[in-house]
Amino acid sequence: MTDPITQFNAWLHDAQHCGMDEPTAMALATADAQGRPSVRMVLLKHADERGFVFYTNLESVKAADLKANPHAELCFYWNPLSRQVRITGPVERVSDAEADAYFATRPRLSQIGAWASQQSRPMQGYFELEQACAKVVLRYPLGAVPRPPFWSGYRVVPERLEFWKQKPFRRHERILFTREHGVWKEQWLYP
């Protein structure tokens, strides 16, 4: 296999061209200060040698987990391709410039939703969210919608990448890459 980031991007490219609805969907696993795990689906927005980026409300449960325990694991599962990738590593916030640049590319209604949502907190019903969105539209009726100060991104800096490929009779291929002192080491694993 080649460099694991190059390999990941090749597999992602395959997933993006096989008819999947959300090939960038990934399970994000975090743990709070007491070690209690939490997992949810998020979307990958960028991947390179620095890491794997997703965006969220900084007042969300996932953000609280990452503040208390800045490590995470990601899992991509591309069923039509019979492939899975797991990525483990420390987490860091993206720069304000990166967050601003990405936020500017989002559809206007998604930008408004970012301002309106009090992510993970209780609400009386869906109409409450609609009302909050209407207030944001009145605040920003035309032109650019700035990024909320409570919304940004995180980068999972990979220390481990595991590539899994389904094979007949559960004789799957598993290759683990671990980064030590900036160098990737490759290890085959039993299925």
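Just the residues that are surrounded by fewer than 13 Cβ atoms within 10 Å (Cβ to Cβ) and over 18 Å from Ser110 (Cα atoms), please, taken from the range 22-38.
So the first thing to find is which residues in the range 22-38 are surrounded by fewer than 13 Cβ atoms within 10 Å (Cβ to Cβ), and the list is 22, 33-37.
Across the range 22-38, the qualifying residues are Ala33, Gln34, Gly35, Arg36, Pro37.
Within the range 73-107, take every residue that is among the hydrophobic types (A, V, I, L, M, F, W, C) and touching a helix residue (DSSP H, G or I) at 6+ places or on another chain (Cβ under 7 Å) and give me the one that is surrounded by the fewest Cβ atoms within 10 Å (Cβ to Cβ).
Per the stated criteria, the residue is Leu81.
Mind checking which pairs have a first residue in the range 31-50 that is at pLDDT 95 or above and hydroxyl-bearing (Ser, Thr, Tyr) and a second that is in a strand (DSSP E or B) and surrounded by 10 or more Cβ atoms within 10 Å (Cβ to Cβ), Cβ under 9 Å, 6 or more apart or different chains?
If the second residue must be in a strand (DSSP E or B) and surrounded by 10 or more Cβ atoms within 10 Å (Cβ to Cβ), the pairs left are Ser38/Leu28; Ser38/Ala29; Ser38/Thr30; Ser38/Ala31.
Any residue in the range 77-93 that is acidic (Asp, Glu) sitting within a Cβ distance under 6 Å of a residue that is surrounded by 15 or more Cβ atoms within 10 Å (Cβ to Cβ) and at pLDDT 95 or above? List the pairs, counting only those 6 or more apart or interchain.
Hits for this filter: Glu92/Arg155.
Report every pair of residues separated by at least 6 positions or lying on different chains whose Cβ atoms are under 7 Å apart, first residue within the range 118-140 and within 21 Å of Arg108 (Cβ to Cβ), second aliphatic (A, V, I, L, M).
These pairs meet every condition: Leu129/Ala116; Leu129/Met123; Ala132/Ala116; Cys133/Ile112; Cys133/Ala116; Val136/Ile112; Val136/Ala116; Val137/Ile112.
For the range 137-172, what are the residues that are modelled with pLDDT of 95 or more, charged (D, E, K, R) and out of contact with any Asp or Glu (no Cβ under 8 Å at 6 or more places or on another chain)?
Arg139, Glu159, Arg160, Glu162 - these are the residues of the range 137-172 that are modelled with pLDDT of 95 or more, charged (D, E, K, R) and out of contact with any Asp or Glu (no Cβ under 8 Å at 6 or more places or on another chain).
Does the range 103-112 hold any residues that are in contact (Cβ under 8 Å) with a residue 12 or more places away in the chain and either assigned to a loop (DSSP other than H, G, I, E, B) or β-branched (Val, Ile, Thr) (or both), and which are they?
Across the range 103-112, the qualifying residue is only Ile112.
Whether any residue in the range 113-136 is at pLDDT below 95, within 18 Å of the chain's Cα centre (by Cα) and not in a helix (DSSP H, G or I) is what I want to check.
Within the range 113-136, one or more residues are at pLDDT below 95, within 18 Å of the chain's Cα centre (by Cα) and not in a helix (DSSP H, G or I).
Any residue in the range 1-22 that's touching a residue at least 12 places away in the same chain (Cβ under 8 Å): show its pairings with residues that are assigned to a loop (DSSP other than H, G, I, E, B) and of a type outside the set (D, E, K, R) at Cβ separation under 6 Å, as long as the two are six or more apart or on different chains.
Pairs that qualify, where the first residue is touching a residue at least 12 places away in the same chain (Cβ under 8 Å) and the partner is assigned to a loop (DSSP other than H, G, I, E, B) and of a type outside the set (D, E, K, R), are Gln7/Met1; Ala15/Pro23.
Among Asn69, Asn57, Asn79, which is of a type in the set (S, T, N, Q) and more than 22 Å from Ala33 (Cα to Cα)?
Going through Asn69, Asn57, Asn79 in turn, the sole match is Asn79.
Just to confirm my filter: which strands (runs of 3 or more DSSP E) fall fully inside the range 32-101 and include at least 2 residues that are over 30 Å from Ala144 (Cβ atoms) and out of contact with any Lys or Arg (no Cβ under 7 Å at 6 or more places or on another chain)?
37-43, 71-78, 83-93
For the range 138-179, which residues satisfy the criterion of being of a type in the set (D, E, K, R), surrounded by 14 or more Cβ atoms within 10 Å (Cβ to Cβ) and not in a loop (DSSP other than H, G, I, E, B)? Write out each step before concluding.
Kept after step one, since they are of a type in the set (D, E, K, R), are these residues of the range 138-179: 139, 147, 155, 159-160, 162, 165, 167, 170-171, 173-174, 179.
After this cut, where a residue has to be surrounded by 14 or more Cβ atoms within 10 Å (Cβ to Cβ) as well, the list is 147, 155, 159-160, 162, 165, 173-174, 179.
Arg155, Arg160, Glu162, Lys165, Glu173, Arg174, Arg179 - these are the residues of the range 138-179 that are of a type in the set (D, E, K, R), surrounded by 14 or more Cβ atoms within 10 Å (Cβ to Cβ) and not in a loop (DSSP other than H, G, I, E, B).
Would you please name the residue that is surrounded by the most Cβ atoms within 10 Å (Cβ to Cβ), looking only at residues in the range 52-69 that are in contact with a Phe, Trp or Tyr (Cβ under 9 Å, 6 or more places away or on another chain) and more than 21 Å from Gln111 (Cα to Cα)?
To start, the set of residues in the range 52-69 that are in contact with a Phe, Trp or Tyr (Cβ under 9 Å, 6 or more places away or on another chain) comprises 52-59, 62-63, 66.
Cutting the leftovers down to more than 21 Å from Gln111 (Cα to Cα) gives us 52, 66.
Working: Phe52: 26, Leu66: 24.
Only one residue fits best here, namely Phe52.
The values are calculated or read from the model by the stated rules, or taken from the named source; none is laboratory data. Everything quoted here is computed from the prediction, not taken from an experiment. No Cβ is skipped: glycine too gets one built from the backbone with ideal geometry, and neighbour counts run over all protein chains shown.
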